[in-house]
Each structure stands twice: as C-alpha cells, then as structure tokens.
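Working notes for the structure below.
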Amino acid sequence: MNNMTRTLAYVVVAVVMAALAMWKGLPAPEMNASDFSDTGKEYYPDFDNPNEATGIRVVTFDEKTSEIKPFEVQFKNGLWRIPSHYDYPVDGEEQLAKTAASLVGVKRGAVAGESELDFKRLGVVDPLTEDETLKEFSGDRLTLTKGETVLVDLIIGKEVPGHSGFYYVRKPGEKLTYVAELNIDLSTKFSDWIEPDLLKLDQNKLRKIDVRDYSVDEKRGAILISDYFELKRNSQSDPWVMEVYDPQTKKVTETITTLKTSELNEMINSLGDLKIAGVRPKPSFLSSDLKLSGEVKPSREASLFLQQRGFFFAQSPDRGSLEIFSNQGDLTATTEEGVAYILRFGAVFTGNEFDIDVGSAKPNKEDKEKTEPKEDQKENSDNTNDSEGKKESRYLFVSVQFDPDALGEPPVKPTPPASKTPEAKATQAKAPEAGKKTEAGKKPAAKEKAEEKAEAKPDAKKEEKQKQENASDKKEDEKQQTEKPDPQKE
C-alpha cells in the first residue's frame with residue numbers, strides 16, 4: 001500500500017470513528033429531544049418545605065454481602081420509629097428535617113447518560129431491581145415522604161471524577177442521568193439515630209449490685225447457681241461492702257468490707273458505658289419480665305432461636321415458673337430511687353455493622369449470626385474482624401423492675417393523741433363556762449363606746465354654760481363702768 005492509499009485509509013477510519021462518536025452522543029430513538037430542556041430545572045420544584053417530611057427511606061446495596069440494606073425512619077402512631085429496625089423508637093424529627101432541607105432545590109445539571117446502557121457506568125441502577133446481575137452497579141435510592149405521598153425520590157450514583165460534591169443522579173423511571181450538586185446531611189447508622197446509652201445510669205445513685213453466676217441444666221431445665229454475691233452501700237459517701245450468699249440457703253456466709261477499688265470501679269464504669277449496638281424484637285410469648293405469658297409454650301424453633309443466642313428456658317429458683325436465663329449469668333443494678341436494671345448476658349457473635357444493627361438483611365429468614373467463637377478461632381478473631389470489617393458483639397436481655405427496699409425504711413404512721421380520762425374531759429368542759437362568765441362581765445365594745453360618748457356630752461354642756469356666764473359677767477361690768485358719775489361735773 002503506497003502512501004496515498006494509506007492516507008486515504010486513515011481518513012476513512014477517522015470519518016467512521018467521528019460518525020460513531022456523534023451517533024453515541026445523540027438521543028436514543030425512543031427519547032424526545034425535549035427531554036434535554038429539563039437541564040437546569042429542579043427535580044422536585046413543589047418540594048420547598050423540609051418540615052413537612054414525615055418519613056425517609058434509604059436503600060443501598062452491600063457489595064461484600066450482596067445484600068440489600070434498607071434504612072427507614074417514619075413518624076407513625078405519635079412516635080418517630082425505624083421500621084427497618086423493628087419499629088425501634090427514635091428522636092428523628094430534627095435529623096430528618098436537616099436531611100430534607102439538603103434535598104430542597106436540587107437541580108438537574110449536565111446530561112451524563114442518555115439511556116439504560118449508561119446506568120452501569122454511572123452507578124445509577126435501582127437497588128430494588130430484580131435483576132441480580134445489575135445489583136452490583138446500584139446507587140443509593142433516597143426517598144422522602146409525607147404519609148403516603150412521595151416528596152422526593154432519587155437514585156444517587158457515583159461521584160463525578162474530579163468534582164467533589166457532584167454526583168450522577170437519576171429519577172426512578174427516567175432514562176436520563178444528570179450531574180447534580182448534593183450536600184446531603186444523612187446518616188444511615190442506627191446508632192446515630194437513637195440514644196445509644198443503654199441504662200443512662202447515674203453511678204452516684206447506685207446502691208446495690210447483685211451478681212449471680214450460674215449454669216443452665218438444659219435436660220432438667222434447672223438453674224445451678226455457683227456464685228452469688230451482693231455489693232451495697234447506704235449512700236454515695238459510704239464505702240461499698242460485699243456480702244457473699246450461700247446459693248442454696250440464700251443466707252450471708254461472709255461479709256467483706258475491704259474491696260479492690262480498681263476492679264470495683266471498672267465494673268461500675270462498665271455498667272455506665274454500656275451502648276446499644278443493635279436491636280432484635282422480643283419474642284411475643286415472653287412477658288416484660290421475661291417469663292412465659294400465661295399458658296403459652298414456646299415452639300421448638302423459638303427455643304432453638306434463643307439457645308443460639310445464649311438464652312434458655314428454665315425453672316425459676318424463686319418463683320418456680322419458666323423464665324429466660326442466660327449462659328453467662330446475670331447482674332442486677334439498683335439505684336436509690338428503687339429502679340432495678342436486670343441484665344442477662346447471652347452469647348458473643350461476630351458480624352458486620354448491618355448484622356449487628358438488625359441481623360439478617362433478608363426478611364423471614366433466620367439470622368445467620370455466629371455465637372461464641374471456638375477456642376481455635378479466638379486467636380485470629382482480631383485480624384479476621386479487621387480485614388472483613390467485622391467485630392464482636394454480645395446479645396443482652398434487659399428488663400427493669402421496681403425494688404421498694406432500695407428506698408429505705410418506710411415512713412412511720414403518726415401516732416394519734418392519747419385518749420383523755422373522764423376527769424380531764426370534765427375539767428375541759430368547765431373551762432369554757434368560766435371563760436363565758438368572765439366575758440359576760442365585760443361590756444360589749446360598741447356599748448362601751450356609746451357610753452363614753454354619752455359621758456362626754458355633759459362635760460361639753462358645762463363648758464358651754466360656763467362660757468356664757470363669763471360673757472354675761474363681762475357685759476355687766478362694762479355697763480357699770482358706763483353709768484358711773486363724773487366727779488368733776490359734781
């Protein structure tokens with residue numbers, strides 16, 4: 001091939017490549033050119049009040065577990081709850097308002113994708129798709145609602161390379177993908193929406209800590225208590241005292257007044273530092289104090305479900321009824337207000353964040369969490385957890401009861417006055433009569449004042465008569481002086 005032929009070939013190839021590039025950039029045949037006119041417009045122009053949102057739902061796809069992870073917060077029945085976490089109550093109004101505010105006025109920027117063929121490249125596949133081969137290209141689907149009304153519904157894909165804060169965004173049901181600037185204030189971590197402090201315990205108010213170490217005889221369904229001791233103090237300033245009990249007779253066998261302060265403080269601080277990592281629903285056949293409700297009997301599946309988590313049904317040594325016990329013993333912490341927190345420690349398991357939060361991501365299937373690791377697994381547990389993003393956690397049943405004994409001695413009822421003898425009653429009856437005579441001898445105040453006025457009137461009359469007599473005598477003297485004869489004239 002000579003130089004001219006080679007040059008023409010290059011020109012032809014260049015023209016073909018340019019034509020292909022132009023064709024790829026044109027709208028798909030099923031699209032209208034008018035679709036591009038939405039550039040610069042808001043996705044949801046009618047959404048301008050973030051406070052009207054009453055629900056948010058975020059659906060993501062976990063590539064490591066190949067599972068869909070939903071997270072949802074809703075206001076229903078007068079409370080904010082997390083439906084994706086067994087309707088656990090939260091204080092979500094403020095957080096939801098912040099997230100909703102960051103979605104007001106989100107605009108469509110430049111067109112980044114024109115058809116479904118671009119979804120995989122931009123990471124905007126709907127995570128709720130039924131096509132398993134596409135789920136790994138899913139974005140995060142974020143939906144705001146007001147009751148049953150959808151306020152905002154967007155699929156957020158990859159971040160635009162070299163442009164921080166800009167993402168590929170698609171509206172479900174549309175084929176066009178746009179670039180949009182987003183600054184979403186949203187956390188899908190369960191612990192960020194709840195009060196993680198389990199007991200909210202004021203350590204200064206602790207007055208009693210009961211610790212029972214026991215094992216469960218599964219065949220007999222009985223509790224075998226090996227150790228039972230109680231730590232107590234009367235006030236915050238008093239030292240802690242330990243009383244050791246006989247598990248069978250429940251009588252004090254030893255009283256220890258000198259304790260290891262460091263170990264004691266470590267145990268008390270551990271109670272105050274207990275944090276909620278995840279939740280599971282309490283089986284419906286259990287009452288609030290973790291005993292069987294009425295005549296209900298747990299099924300074999302329910303019993304197995306609890307056993308895998310370190311809890312067993314056994315006969316209560318106190319009440320004789322079937323209730324829940326754990327394979328790691330229990331602890332009761334009581335405050336000066338009489339609030340008793342009963343903690344039953346179950347099995348340890350290893351899982352990722354979602355496993356710990358809520359268990360299996362797939363509904364109607366049994367949790368796949370592992371219980372206490374075997375001895376040969378414990379040595380490498382730390383490395384394994386770090387490499388796979390997993391960590392250990394423990395199942396814990398918590399119940400609260402009222403202990404009136406923690407309030408101290410009950411108040412004593414006031415003693416009524418002693419009954420009086422007949423002589424005292426007679427003396428008391430005469431006393432008012434004497435008082436009446438004394439009072440009778442006195443004149444009423446009104447009458448006394450009237451008499452005072454009556455006595456004052458005669459005095460006034462005498463004074464007036466004296467003035468008149470003095471005036472008469474004066475006139476008589478003046479008359480005599482006038483009628484006296486002049487001696488010179490005589």
Does segment 309-367 hold any residues that are at pLDDT 80 or above, small (Gly, Ala, Ser) and under 30 Å from residue 188 (Cβ atoms), and which are they? 310, 346, 347, 351
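Scanning for something on the phi < 0 side of the Ramachandran plot, under 29 Å from the mean Cα position of the chain (by Cα) and at pLDDT below 90, does segment 380-387 turn up at least one residue?
Within segment 380-387, the first condition is being on the phi < 0 side of the Ramachandran plot, and the residues that meet it are 380-387.
Still in the running and under 29 Å from the mean Cα position of the chain (by Cα): none.
There is no residue in segment 380-387 that is on the phi < 0 side of the Ramachandran plot, under 29 Å from the mean Cα position of the chain (by Cα) and at pLDDT below 90.
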Would you kindly identify the strands (runs of 3 or more DSSP E) lying entirely within segment 26-142 that contain at least 2 residues that are β-branched (Val, Ile, Thr)? 55-62, 67-76
Being polar (S, T, N, Q) and buried (at least 16 other Cβ atoms within 10 Å of the Cβ) is the filter here; which residues of segment 66-96 pass it? 74, 84, 95
Sort out which residues of segment 344-354 are within 28 Å of residue 215 (Cα to Cα) and charged (D, E, K, R), and write them in order of number. 344
Quick one: residue 138 ticks every box in (1) in contact with a Pro (Cβ under 6 Å, 6 or more places away or on another chain); (2) under 22 Å from residue 41 (Cα atoms) except a single one, so which number is it? (2)
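So, in segment 36-52, exactly how many residues are open to solvent by less than 40 Å² (accessible area, probe 1.4 Å) and either under 23 Å from residue 157 (Cβ atoms) or among the hydroxyl-bearing types (Ser, Thr, Tyr) (or both)? I'd like the intermediate steps shown before the answer.
Taking segment 36-52 as the starting set, the residues that turn out to be open to solvent by less than 40 Å² (accessible area, probe 1.4 Å) are 43, 47, 50.
Filter once more, so that each one left must be either under 23 Å from residue 157 (Cβ atoms) or among the hydroxyl-bearing types (Ser, Thr, Tyr) (or both): 43, 47.
Going through segment 36-52 one residue at a time, the tally reaches 2.
For segment 145-231, please list each of the strands (runs of 3 or more DSSP E) lying entirely inside it that holds at least 2 residues being out of contact with any Lys or Arg (no Cβ under 8 Å at 6 or more places or on another chain) and either open to solvent by less than 30 Å² (accessible area, probe 1.4 Å) or within 28 Å of residue 49 (Cβ to Cβ) (or both).
149-159, 166-170, 206-217
The values are calculated or read from the model by the stated rules, or taken from the named source; none is laboratory data. Model, not experiment: these values are computed from the prediction. Note that each Cβ is placed from the backbone with ideal geometry, even for glycine, and that neighbours are counted across all protein chains shown. Accessible surface is based on the protein model in full, side chains and every heavy atom, while ligands, DNA and RNA are left aside. Shrake-Rupley method; radii C 1.70, N 1.55, O 1.52, S 1.80 Å.
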